[in-house]
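This report concerns only the one structure given below.
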Amino acid sequence: MQDRDNYDDVSKVRRFDHPGRGKGRARSVPKGRQVDPHAKAAIESLLADRPRERHLLIEYLHLIQDAFGQISAAHLAALAEEMRLSFAEVYETATFYAHFDVVKEGAPDIPPITVRVCDSLTCCLLGAEPLLAALKAGLHDGVRVVRAPCVGLCDQAPAVEVGHHFVTHATVDSVRHAVSHRDTHPHIPDYIDFEAYRAAGGYVTLERLRSGSLSAEDVLKALDDASLRGLGGAGFPTGRKWRSVLGEPGPRLMAVNGDEGEPGTFKDQFFLNSDPHRFLEGTLIGAHVVEATDVYIYIRDEYPIAREILAAEIAKLPAGGPAIHLRRGAGAYICGEESSLIESIEGKRGLPRHKPPLPFQVGIFGRPTLINNVETLYWVRDLIEKGAAWWKSHGRNGRFGLRSYSVSGRVRNPGVKLASAGLTIRELIDEYCGGMCEGHTFAAYLPGGASGGILPASMHDIPLDFGTLEKYGCFIGSAAVIVLSDQDDVREAALNLMRFFEDESCGQCTPCRSGTQKARMLMEKKVWDIALLQELAQCMRDASICGLGQAASNPLTSVVKYFPELFDAPAIAAGKSPSR
């Protein structure tokens, strides 16, 4: 039992005896981090009557970031007290995500405007690096200029984000104009709203399902007959996934993966910004089939337009059905991995979970959870209404179905191309993209975004679809196609992608955390140690927890395999530009 004589009856503050030193001085404040009353009042005002629930932590961090342009230690301490969490728990979550600007005690405030210059592959091909240098040198003190990973505007590169306003085909002058006019809010384009969608026959299929004239088994059969696969990258059969969730005991939940962070990918953004209710109807059909009580739609923070549109249109939906919750990402590519997505929805760091159990067994809040990509759900209504034969009537080169190709790079007309599955890269460039840019010759391409590998132009006849690229060490993933020309440095492209993976690694497992760093360091050398890089790549594939580390070496290994001329001694000695 502690000696009561060591306490002051008035202050109730502990006095400490130090052997040989006499009585210790009383603490001026109680032990532990104290909450600043001004910060406490600010947090109480921001949260107002919102529930103080753990899973809302990231949403509340966004409130602070949006209100103050940064998050101070005092705000974190006040938020922790308000939500009955430890300061460490709040701090580790806030500092995990790139879009939360946490200011340490004593550090200067962050400038009121942040300019983020995308430095992913397509933007770098089109001048992001000199633009970044010019902006850092040319903008005034009230502006912070930083690098940013892919913001989903690869077809309008280079892209710069000023607050939450995007400057496309950016120049120093256009960015300076956006900054000087405080043009920091998203511009909402025209889109098909609830009234227009409903007038064109929207939600009839959902109503038939809810009334019983269309059964859940009818929906599942339509998905099975069409062989619809997950279009976020993994390609898992959609009908089988829905049946797996339905086979688990309830209550069940549903999550939508709108964290489209793969460099080169922007198709989901296109659907959300133009025809959101077709996606929402597919989502509600899925929720009804698996009997989900709640739906969590997770949209990356780089898509403020999509979030604003969804918030407005979800409010127009008729009563009934599951509760729909919008969740806002915070700048973490890893949250596109389904178990990391679940962790983030729960208000935690986006660290991948060890599997099993799988999310359809133990997902959000420990409940069986259906997780689908935006584009997958976008096609559900059409598949039910038009039938599997309609879906399978599309396709080329022995494949079937439709794909939304996100095309960027050295083509004349980049953008989202809705086309048949199984197109070859040559067909895609010539028929849908207007050919190569003036003065550029097709040299290489990425068939599936940053992690899908890099192939030479000589391999132009491979159908772009699931199962056709794997034997070459590549995959189609989300169909993010980046086209390189004879004026591009293929080794530098692979290095750009490895830097991205190094930066986006969550750091949980050593093979990914250290492997991407070591690979980047080796790839920065003039002469690559091929044997060591291949050994490192194999270790990352075999031992990483999730797909980020397992696939991060694909660009590296494919460049080594398919561009051997870049690594022969004469080419290196001559300082030859490593392009195809």
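Between the range 294-351 and the range 90-123, how far is it from one alpha carbon centroid to the other, in angstrom?
Value for the Cα centre distance between the two parts: 21 Å.
Just the number, please: carbon plus sulfur as a percent of the accessible area of the chain, 1.4 Å probe, no ligands or DNA/RNA counted.
52 percent
For the chain, what is the calculated [θ] at 222 nm in deg cm²/dmol (nearest 500), taking -39500 (n - 2.57) for each run of four or more DSSP H residues and dividing by its residue count?
It comes out at -11000 deg cm²/dmol, rounded to the nearest 500.
Under a Cβ-Cβ cut-off of 11 Å, what is the net charge of the residues other than residue 483 that fall near it, where Lys and Arg count +1 and Asp and Glu count -1?
Local net charge: +2.
At 0.36 nm per residue, and after removing the present C-alpha to C-alpha distance, how many nm does the segment from residue 173 to residue 308 gain when stretched out fully?
45.8 nm
Students often get this wrong, so try it: which of (1) 33.5; (2) 37.3; (3) 40.4 is mean projected area of the Cα convex hull in nm² as calculated from the structure shown?
(1)
Please report the accessible area of residue 120 (heavy atoms, 1.4 Å probe, ligands and nucleic acids excluded) in Å², nearest 10.
Here the accessible area works out near 10 Å².
Rounded to the nearest 0.05, what FRET efficiency do residue 92 and residue 45 have when you use their Cβ-Cβ distance and R0 = 41 Å?
0.95
Just the number, please: percent antiparallel of the DSSP beta bridges in the range 373-531, rounded to the nearest 5.
About 75 percent, rounded to the nearest 5.
Starting from 0 in steps of 5 Å, tell me what percent of the Cα-Cα pairs of the range 105-249 lands in each bin.
The percentages, shortest bin first, are 2, 8, 12, 12, 10, 9, 8, 9, 10, 9, 7, 3, 1.
For the range 164-238, what log10 I(q)/I(0) values come out of the Debye formula at q = 0.15, 0.20 1/Å, with one point per alpha carbon and no solvent?
Taking Cα atoms of the range 164-238 as identical point scatterers yields -0.79, -0.94.
With a 1.4 Å probe and every protein chain left in place, tell me how much accessible area residue 353 has, in Å² to the nearest 10.
It works out to around 60 Å².
On each of the three principal axes of the Cα atoms of the range 215-305, give max minus min coordinate, whole Å, ordered largest first.
Reported extents, whole Å, longest axis first: 35, 27, 21.
Rounding to the nearest 20 debye, state how big the charge dipole of the range 350-389 is about its Cα centre with +1 on each Lys and Arg Cβ and -1 on each Asp and Glu Cβ.
Using Cβ point charges on Lys, Arg, Asp and Glu, the range 350-389 gives about 240 debye.
Let me check I've understood the local charge: for residue 429, count other residues with C-beta under 13 angstrom from its C-beta, Lys and Arg +1, Asp and Glu -1. What total comes out?
Net charge in that neighbourhood comes out at 0.
Restricting to the chain, compute how many DSSP beta bridges are antiparallel as a %, nearest 5.
45 percent
Do the alpha carbons of any pairs in 136/526; 241/471; 316/386; 267/417; 417/561; 267/348 sit beyond 18 Å of each other, and which pairs?
136/526; 241/471; 316/386; 417/561; 267/348, as the Cα separations exceed 18 Å there.
If you average the C-alpha positions of the range 410-475 and of the range 356-401 separately, how far apart do those two centres end up, in angstrom?
Their Cα centres are 24 Å away from one another.
Per residue, how large is the accessible surface of the range 262-381? Use a 1.4 angstrom probe and give square angstrom.
On a per-residue basis, 27 Å².
In the range 398-469, with Lys and Arg counted as +1 and Asp and Glu as -1 at Cβ, which of these residues, 449, 400, 435, has the Cα nearest the positive end of the dipole, that is, farthest along it?
Going by the Cα projections, it comes out as 449.
For the pair residue 137 and residue 568, how long in nm is the line joining their label points, each one 7 Å along Cα→Cβ?
Modelled inter-label distance: 3.9 nm.
Please list 188, 364 in order of solvent-accessible area, largest first, computed with a 1.4 Å probe with all protein chains present.
Ranking 188, 364 by accessible area, largest first, yields 188, 364.
Run the dipole for the range 151-301 about the Cα centre, Lys and Arg Cβ at +1, Asp and Glu Cβ at -1, nothing else charged, and hand back the magnitude in debye, nearest 20.
That gives the range 151-301 a dipole magnitude of about 280 debye.
Of 201, 132, 191, which is farthest along the charge dipole of the range 131-204 in the positive direction, counting Lys and Arg as +1 and Asp and Glu as -1 at C-beta?
132
Roughly how large, in nm² to one decimal, is the mean projection of the convex hull of the alpha-carbon atoms in the range 278-338?
That works out to 4.5 nm², a quarter of the Cα hull's surface.
Among 270, 388, 531, whose Cα projects farthest towards the positive end of the dipole of the chain, with charges put on the beta-carbon of Lys, Arg (+1) and Asp, Glu (-1)?
The residue sitting most towards the positive pole is 531.
Ordering 105, 308, 260, 82 by accessible area with a probe of 1.4 Å, largest first, what comes out?
105, 308, 82, 260
I need the shape label for the range 439-580. Rule: rounded when a/c is under 1.5, else prolate if a/b > b/c, else oblate, with a, b, c from the alpha carbon gyration tensor.
Verdict is oblate for the range 439-580.
In the full protein assembly as shown, how much of residue 470 is accessible to a 1.4 Å probe, in Å² to the nearest 10?
The accessible area of residue 470 comes to roughly 90 Å².
Let me make sure I get this right: for the range 194-345, a, b and c are the square roots of the gyration tensor eigenvalues over alpha carbons, sorted descending. Under 1.5 in a/c it's rounded, otherwise prolate if a/b > b/c, else oblate. Which is it?
Cα axes put the range 194-345 in the oblate bin.
If the only charges are +1 at each Lys and Arg Cβ and -1 at each Asp and Glu Cβ, what is the size of the charge dipole of the chain around the Cα centre, to the nearest 20 debye?
Value, rounded to 20: 1180 debye.
Using the alpha carbon gyration tensor of the range 74-137, what are the three equivalent-ellipsoid semi-axes (square root of 5 times each eigenvalue), largest first, in whole Å?
Over the Cα atoms of the range 74-137, the ellipsoid semi-axes are 34, 15, 7 Å.
Taking the inverse of the average 1/r across all pairs of different Cα atoms in the range 436-483, what Kirkwood radius in Å do you get?
Across the range 436-483, the inverse of the average 1/r is 10.9 Å.
Taking the chain as the reference, fit the longest principal axis to its C-alpha atoms, fit the long axis of helix 530-543 to the helix C-alpha atoms, and give the angle between the two in degrees, 0 to 90, nearest 10.
Tilt of helix 530-543: around 70 degrees.
How would 521, 498 rank on accessible area, largest to smallest, probe 1.4 Å?
521, 498
What cysteines in the chain have no other cysteine with a beta carbon less than 4.7 Å from their beta carbon?
Cysteines of the chain left without a disulfide-compatible partner: 124, 150, 154, 335, 433, 437, 474, 506, 509, 512, 539, 546.
The values are calculated or read from the model by the stated rules, or taken from the named source; none is laboratory data. None of these values were measured; they are calculated from a predicted model. Neighbour counts run over all protein chains shown; Cβ positions are idealised from the backbone, glycine included. In case anyone asks, the SASA skips ligands and DNA or RNA and just uses the protein heavy atoms, side chains included. Shrake-Rupley method; radii C 1.70, N 1.55, O 1.52, S 1.80 Å.
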